[in-house]
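This report concerns only the one structure given below.
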Amino acid sequence: MSTVRTNIVIDPMTRIEGHLKIEATVENRKVVDAKVGGTLYRGFEQILVGRNPLDAIQITQRFCGVCPTPHAIASAQALENAFGIMPPPNGRTIRNIMQGANYIQSHILHFYHLAALDFFKGPDVSPFVPRYEADYRLPKAVNDALTYHYIRAYQIRLKAHELCAIWAGKMPHIASMAPGGVSIIPRIDNITTSLWRLKELTEFIENVYLPDVITVASVYCDYFNIGMGVKNLLSFGLFDLDAEPDVTKRKRYFPMGRMTNGTIETIDPKKITEDIRWSWYNTASGKNPVEGETSPKPEKKDAYSWLKAPRYDSVPYEVGPLARVVMAYDSKSNQKVTKLVDDMLATLSINKDDLYSVMGRHVVRAIECKVVADEIQDMIMQVKLEQPVCTDHTIPEKAEGMGLWCAARGALGHWIEIKNGKIARYQAVVPTTWNASPKDDKGKPGPIEHAMIGTEIEDTDNPFALARIVRSFDPCIACAVHVLDGKQVKQFKIM
Ligand code: NFE
Ligand code: MG
């Protein structure tokens, strides 16, 4: 049989955050190569150079409107590391509450407003049309319920934003983050107004979100076998539980770690590097972020992304809910995760390995949402009125600092170098840089590219399976200058 070769390009990839182009080379209906490219230049790392280090907390939040909270926390932690201070327990707890609220908002956003339209068909009115035609399989009553829940999810996300803003002053782009803790003085009404919002959120997660994910997963169960990914997982952990200055030793509710070939191991941040062979940059490849540089070269030949390619010890890792939940489950470190995952596996008649998939990512994200909601309920009750929330600081003339944290989409790192009391270098490696990375210098594809390769494409004129794979990672490629490269082969409009 002669080989039938087709090139598929989806650009822009819609219903994600930011600007992404995907390309797939298909031979005899199977993807044999994939390219995932961020098409907008950001340049924030250069904007930060020369500024007062305290500006980093506000400026890095402008990376993105979906996840400003983790950027505020990671940059505050980088400053604390550089200043040699740690937040008091109250400051730590309030940060955890803000971050938890942001997870809930982000996970509900991802399922209902970004991904669910891959599986249910809204009515023939805006914003549900135009839509792409796919194998929509849900019975009418279920489909109608999902449409209703899609609308309700907007109202419920507002509650999650409010829950964050009660402690943050505003959301998005929070105001109360400071090196050494937070600047909000907690009062009893912060606690009471948080609790009723969290109660509404928890009811939605338990009675709507989790059941909807189970329904969709049981109807589209073949998607437990599609989009597996690299199977290496990495997490910097979530929710600080003590004031250990060394972040790699700090106790976290979801622990820091990485998993390769089924074994969980520790993380040495020095082994994180970013390759730029296929990225529009002209700096040295394979640098640790401590010495990383950002120098754009849009005319670079063969490059196809504004994302660098982060690797740990030269290996690509998937980050996000899958990493956090599977490692918590495998290490048996969290009884709630163990129970929820076991129940989910039994309900859907799947095994743990099936979680490495499109549908697995949706399922673990919903489980994590429930775990986080329960955990911040406890944390709200731990806030102490009239106790300190922040530790004083002095900006040193010369210092280095690193903040490692987990945003909703995965491991997030900020690295700062201070000289003459100003920012001399700032590097961020964000979750989507890991997941949507281009190939590295050795030609190894990034996690989303890897998940696309091997996929069967029924109709190369309507490659909806690829869109479902990409969206399951919840990618976010935030804003800057639009640069496109390459020859247009075919155009797809995906709503
Ligand atoms: Ni712009 Fe973000 C999250 C961070 S993704 S949404 O979650 O950090 O790379
Ligand atoms: Mg960066």
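The values are calculated or read from the model by the stated rules, or taken from the named source; none is laboratory data. Note that the structure is predicted; figures quoted are calculated from it, not measured. We place every Cβ from the backbone using ideal geometry, glycine too, and count neighbours over all the protein chains shown.
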Residue, farthest from ligand 2 (Cβ to nearest atom), within region 260-280, restricted to residues that are farther than 17 Å from residue 434 by Cα and not β-branched (Val, Ile, Thr): 262
Can you name the number of the only condition in (1) in contact with a strand residue (DSSP E or B) (Cβ under 8 Å, 6 or more places away or on another chain); (2) within 15 Å of ligand 1 (Cβ to nearest atom); (3) not basic (Lys, Arg) that residue 368 fails? (1)
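Residues that are under 30 Å from residue 455 (Cβ atoms), of a type outside the set (D, E, K, R) and either surrounded by 24 or more Cβ atoms within 10 Å (Cβ to Cβ) or free of Cβ contacts under 8 Å to residues at least 60 places away in the same chain (or both): does region 70-89 have at least one? If you could, list the steps in order and put the result at the bottom.
Filtering region 70-89 down to residues under 30 Å from residue 455 (Cβ atoms) leaves none.
Scanning region 70-89 turns up no residue that is under 30 Å from residue 455 (Cβ atoms), of a type outside the set (D, E, K, R) and either surrounded by 24 or more Cβ atoms within 10 Å (Cβ to Cβ) or free of Cβ contacts under 8 Å to residues at least 60 places away in the same chain (or both).
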For region 431-442, does any single residue satisfy the condition of being away from ligand 1 (no atom under 16 Å from the Cβ) and outside any loop (DSSP other than H, G, I, E, B)? no
Within region 299-337, how many residues are away from ligand 1 (no atom under 16 Å from the Cβ), of a type outside the set (D, E, K, R) and within 14 Å of residue 279 (Cβ to Cβ)? 2
Within region 189-206, is there a residue that is surrounded by 14 or more Cβ atoms within 10 Å (Cβ to Cβ), part of a loop (DSSP other than H, G, I, E, B) and among the aliphatic types (A, V, I, L, M)? no
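Return yes when residue 459 is away from ligand 1 (no atom under 16 Å from the Cβ), free of Cβ contacts under 8 Å to residues at least 40 places away in the same chain and either part of a strand (DSSP E or B) or out of contact with any helix residue (DSSP H, G or I) (no Cβ under 8 Å at 6 or more places or on another chain) (or both) and no when it is not. Walk me through it before giving the result.
Working: away from ligand 1 (no atom under 16 Å from the Cβ): yes; free of Cβ contacts under 8 Å to residues at least 40 places away in the same chain: yes; either part of a strand (DSSP E or B) or out of contact with any helix residue (DSSP H, G or I) (no Cβ under 8 Å at 6 or more places or on another chain) (or both): yes.
Spelling it out, residue 459 is indeed away from ligand 1 (no atom under 16 Å from the Cβ), free of Cβ contacts under 8 Å to residues at least 40 places away in the same chain and either part of a strand (DSSP E or B) or out of contact with any helix residue (DSSP H, G or I) (no Cβ under 8 Å at 6 or more places or on another chain) (or both).
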I want to confirm something. Restricting to region 431-450 and keeping residues that are within 19 Å of residue 269 (Cβ to Cβ) and in contact with a Phe, Trp or Tyr (Cβ under 7 Å, 6 or more places away or on another chain), which single residue is farthest from ligand 2 (Cβ to nearest atom)? 435
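Only one of 386, 400 is modelled with pLDDT under 95 and away from ligand 1 (no atom under 16 Å from the Cβ); which? Steps first, please.
On the way: 400 fails: modelled with pLDDT under 95.
386 is the lone residue from the list that is modelled with pLDDT under 95 and away from ligand 1 (no atom under 16 Å from the Cβ).
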Collect the residues in region 243-287 that are more than 16 Å from residue 427 (Cα to Cα), more than 16 Å from ligand 1 (Cβ to nearest atom), among the aromatic types (Phe, Trp, Tyr) and part of a strand (DSSP E or B), keeping them in residue-number order. 253
I need the full set of residues from region 367-426 which are crowded, with 24+ Cβ neighbours inside 10 Å and either in a loop (DSSP other than H, G, I, E, B) or hydroxyl-bearing (Ser, Thr, Tyr) (or both), in order please. 389, 408, 409, 426
In region 54-85, the residues that are more than 15 Å from ligand 1 (Cβ to nearest atom) and either closer than 18 Å to residue 95 by Cβ or in contact with a Lys or Arg (Cβ under 7 Å, 6 or more places away or on another chain) (or both): 54, 58, 79, 80, 81, 82, 83, 85
Yes/no for residue 168 being surrounded by fewer than 20 Cβ atoms within 10 Å (Cβ to Cβ), among the small types (Gly, Ala, Ser) and out of contact with any Cys (no Cβ under 7 Å at 6 or more places or on another chain): no
Test: residue 155 is loosely packed, with under 15 Cβ neighbours inside 10 Å and either within 22 Å of residue 18 (Cβ to Cβ) or polar (S, T, N, Q) (or both): yes
For residue 451, all conditions in the list (1) within 16 Å of ligand 1 (Cβ to nearest atom); (2) within 23 Å of residue 112 (Cβ to Cβ); (3) small (Gly, Ala, Ser) hold save one; what is the number of the exception? (1)
With 97, 85, 10 as the choices, which residue is more than 16 Å from ligand 2 (Cβ to nearest atom), at pLDDT below 95 and more than 17 Å from the chain's Cα centre (by Cα)? 10
Can you confirm whether region 22-31 contains a residue that is of a type in the set (Val, Ile, Thr) and within 16 Å of ligand 1 (Cβ to nearest atom)? no
